[in-house]
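Take a look at the structure set out below.
What follows draws every value from the coordinates through simple rules; no lab data is involved. What you see is a predicted model; the values in this text were computed from it and never measured. All Cβ positions, glycine included, derive from the backbone under ideal geometry; neighbour counts span all protein chains shown.
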Amino acid sequence: MKRKLSNWAILLCLLFSVLILAACSDGETSQNETDSETGEEPSADNPLTLSFFSADGTEKEFDDPIAKKITEKTGIKLELDYPVGGNDEAIPLMIASGDYPDLIFAKGDIGKLIEAGGVIKLDDLIEEKGENLKAMYGDQLDRLRNSNEDPSIYTVGTYGVQNAYWETSGTFQIQLDVLRELGYPEINTLEDFEAALTEYYEKYPEIDGQKTIPLSLLGSDWRWLITVGNPAGFAAGLPDDGQWAVNDDTGEATYKFLLPEFKEYFKWLNGMNAKGLLDPESFTQTYDTYISKLSSGRVLSVADQNWNFADADKALVAEGKDWKTYAPLPVTLGEEYKSQGLKDYGFAGGWGIAISSTSEHQEKAFEFLDWMASEEAQILINWGIEGENYDIIDGKRVMHEDDRERMNNDADYGKETGVGYYIHPFPRWGNGAVDSTGQSITPNTEQDIIDNFNSAEKEVLAEYGIDNWVDWFPSTEELGISKHGSVSNYTIPAGSDIQIIQQKADDLTEQRITQAVLGDPADFDQVWEDMIAELEAMNIEKANEEMSQMVKNTMELWGTNE
């Protein structure tokens, strides 16, 4: 009898143990979305902290006024992380360790995370509780899908859905003083551009006691792509498809450095170097050195994205050197080419913020991202706090003058106040969107941009008889909307033939083109021919074929292939 009682006792103990473990498990599941100690929903007084890695992030605490307001509205506080020293191994290291933050903006490495199972599919969450995201993306939602083989959605954010093109970026830029001094010439071709730089340089070989630099580039790190590689494509009348040239009607893609127009461009750049018009440190200088040179006012021109040299531009204005700031130019190889500076790529999809598969707060993380897509959030992150950054006057939002001044001229404004800081890479409506009252969702309409031009810009624009720099570029309507988006935003499968070949090709072209530009003009043709032969030897044609198929698949996925 004792033996039977003992067995029953053991059985009861086991039963109670299972029930207790189940209860604990249920408690942990429900408390994933609540405070682990009190079980309360996250709030401003008791926030839930989500870790967030951003490949575009910089060192910062989530403690500015906008961050605090976001926490007040959502109960969420972000623990921000970023790639130290521009380390591009952050995502592979996450995958190797299996240690993921709650939210991840991986840029082009999102494919690696998907393959590793490091991020979750968002389709069901979007359907069940993504009202703001569904309203934001509308009929563009399919552009978030991963691929034809795996049409799931893993990311949201990064790019605006409704875009207006009131500014251009990435083109050649020339100092306003050069335009004024030369009597406001028309500059549409590389020949015009070189002539203007040469004439001004001969008149002013020094500026403020330092040697004048006609053209400076930043080809010593990853920015080679945006100051060396991309401008060649823009000069050839190509839109930004990263390392590719794409026929938007057929979907055929070609590794762009194979095109004869690129040889023509870099041969011109080689000539600029031989004539002493190219900064000799263009391929060795650090970013800080580059910005310092631009901030001094002695660099006459650049070929760069606005955001990359914005700090220098603001420094010049702060020092009263408005005439040393830059005007964008629609420069191409010749009159037969058309600048694509105002090209509309449509909603890009592709890259965005993902939720990790190991996060204990997946639903709260999604709810946070969905709130960031709301009208309330979009007004907050774009305009700031009513009464602190803007006022409502006659029913309209009006930015405080000191805020607008700092927004345009103080490089630290966004980081300190949070205004504008949390637009990227979160879900965003886009600068062409309006809210429920018909007001612009951003404080930078075209008229705002025009009003914010410095005194020198306004004088130069008046001399040319235009209101905005974009007026001398081919219009967005004229250029049409891309059917395939931009290849620069595609997620290329890790370890695929195209990924391996393109990486080898990118490494090769960066090295060989740098050598060609800096070398003796007499050697240029041979260096270029050797580079093409090396590309062919690494089977670049296979990469062309696979990228062409990827473009066609994307157009099929988006329904733009008809």
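Near PHE172, the amide H atoms lying under 5 Å from its own belong to LEU329, VAL331; only residues 5 or more places off or on other chains count, and H is placed 1.01 Å from N. Shown in residue order for region 546-562 are the 3J(HN,Hα) couplings computed by the Karplus curve 6.51 cos²θ - 1.76 cosθ + 1.60 at θ = phi - 60°: 6, 5, 4, 5, 5, 4, 4, 5, 5, 5, 5, 4, 7, x, 10, 8, 9 Hz (x for Gly and Pro).
Within region 197-284, how many Lys pairs that are eight or more residues apart, or on different chains, come under 17 Å at the alpha-carbon?
Pairs that pass both the separation and distance tests number 5.
For region 324-447, taking the reciprocal of the average inverse distance between every pair of different Cα atoms yields a Kirkwood hydrodynamic radius of 17.4 Å. Report the residues of region 236-276 in range of a label on ASP142: point 7 Å along Cα→C-beta, backbone N strictly under 18 Å from it. Inside the label zone: 249-251.
The equivalent ellipsoid of region 100-174 has semi-axes of 26, 18, 12 Å, largest first, where each one is the square root of 5 times an eigenvalue of the Cα gyration tensor. Dipole check for region 399-446: with +1 at the C-beta of Lys and Arg, -1 at the C-beta of Asp and Glu, and the Cα centre as origin, the magnitude is about 280 Debye. Overall, the chain carries a charge dipole of about 1280 debye about its Cα centre when +1 sits on the Cβ of Lys and Arg and -1 on the Cβ of Asp and Glu, all other atoms neutral. On a 0 to 90° scale, report how tilted helix 287-296 is relative to the longest principal axis of the chain, with both axes built from alpha carbons and the result rounded to the nearest 10. That works out to roughly 50 degrees.
Between LYS211 and GLU386, residue separation times 0.36 nm minus the direct Cα-Cα distance comes to 58.2 nm. Of all aspartates and glutamates in the structure, the ones whose alpha carbon falls short of 20 Å from that of LYS396, not counting any fewer than 8 places away in one chain, are GLU375, GLU376, GLU386, GLU388, GLU405, ASP435, GLU446, ASP448, ASP451.
For region 366-515, calculate the relative contact order in percent as a whole number, restricting contacts to Cα pairs under 8 Å that are 6 or more residues apart. It rounds to 17 percent for region 366-515.
Centre-to-centre, using Cα atoms only, region 355-432 and region 296-353 are separated by 24 Å. Pairs spanning more than 19 Å between alpha-carbon atoms, out of LYS293/LYS314; LYS69/LYS134; LYS121/LYS483; LYS68/LYS364; LYS73/LYS129; LYS107/LYS364: LYS69/LYS134; LYS121/LYS483; LYS107/LYS364.
Divide by every residue of the chain the summed helix terms, -39500 (n - 2.57) for each DSSP H run of at least 4, and state the resulting mean residue ellipticity at 222 nm, rounded to the nearest 500 deg cm²/dmol.
Calculated from helices alone, the mean residue ellipticity at 222 nm is -13000 deg cm²/dmol.
Size of region 516-556: Rg and Dmax of its alpha carbons, in Å, are 15.4, 47.
With the charge dipole of the chain set up from +1 on Lys and Arg Cβ and -1 on Asp and Glu Cβ about the Cα centre, the Cα lying farthest toward the positive end among the listed residues LEU48, LEU278, ASN553 is that of LEU48. Take the alpha-carbon centre of region 450-518, take the same for region 188-265, and report the distance between them in whole Å. So the separation of the two Cα centres works out to 10 Å. Remark: relative contact order (the chain) = 22 percent; criterion is Cα-Cα distance under 8 angstrom and separation of 6 or more residues.
Charges were assigned to the Cβ only: +1 to each Lys and Arg, -1 to each Asp and Glu. The resulting dipole of region 383-500 about its Cα centre is roughly 640 debye.
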